[in-house]
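One structure below.
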Amino acid sequence: MIKVSVCYPDTEGEKFDMDYYCNTHAKLVSDTLGDALKGASYDRGLAGSAPRLPAICVARANLYFDSMEAFGRAFGEAAPTFMADLQNLSTIEPVVQISDVMR
């Protein structure tokens, strides 16, 4: 199984609509990726690793797929839909990491 993490770095002066992210964008992601998406979680950053440090990311999505191939097929078709919706969500350029789930 692989995990695709999409992080929105805490960037001064940029906007991020948490309500839209949780109530509209997450549903769009789920509906668009369909059965290829095996699970998902969405979180809001609260704090950094030391007292009074801000969170590195204002928000992050963790999306789970059976394989890189399954992710590639699903995301390849969905990318234009997601990119078009980003303007409704945020002015922050998301950072993506793909990981192999070990446990």
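All of the numbers you see were taken from the coordinates with simple rules; none came from a lab. Everything numeric here is computed off the predicted structure, so don't read it as measured data. Neighbour counts are summed over all protein chains in view; Cβ atoms, including those assigned to glycine, are modelled from backbone coordinates with ideal geometry.
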Task: Given (1) assigned to a loop (DSSP other than H, G, I, E, B); (2) among the basic types (K, R); (3) within 14 Å of the chain's Cα centre (by Cα), number of the condition R52 does not satisfy - done: (3)
TODO: Would you mind finding the one in V58, V4, V29 that is under 20 Å from M83 (Cα atoms), crowded, with 16+ Cβ neighbours inside 10 Å, in contact (Cβ under 8 Å) with a residue 60 or more places away in the chain and not basic (K, R)?
DONE: V4
TODO: Return a yes/no flag: does the range 38-50 have any residue that is exposed (fewer than 11 other Cβ atoms within 10 Å of the Cβ) and of a type in the set (S, T, N, Q).
DONE: yes
Open item on the list: Anything in the range 67-103 that is more than 15 Å from the chain's Cα centre (by Cα) and acidic (D, E)? List them, or say none.
Closed with: E69, E77, D100
TODO: Could you list, in sequence order, all residues of the range 7-26 that are assigned to a helix (DSSP H, G or I) and surrounded by 12 or more Cβ atoms within 10 Å (Cβ to Cβ)?
DONE: M18, Y20, Y21, C22, T24, H25, A26
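So, in the range 61-72, of the ones that are without any contact (Cβ under 8 Å) to a residue 60 or more places away in the chain and surrounded by 14 or more Cβ atoms within 10 Å (Cβ to Cβ), which residue ends up farthest from V6 (Cα to Cα)?
Quick first cut of the range 61-72, residues without any contact (Cβ under 8 Å) to a residue 60 or more places away in the chain only: 61-62, 69-70, 72.
Among the residues that remain, those that are also surrounded by 14 or more Cβ atoms within 10 Å (Cβ to Cβ) are: 61-62, 70.
Working: A61: 5, N62: 7, A70: 17 Å.
Here the residue is A70.
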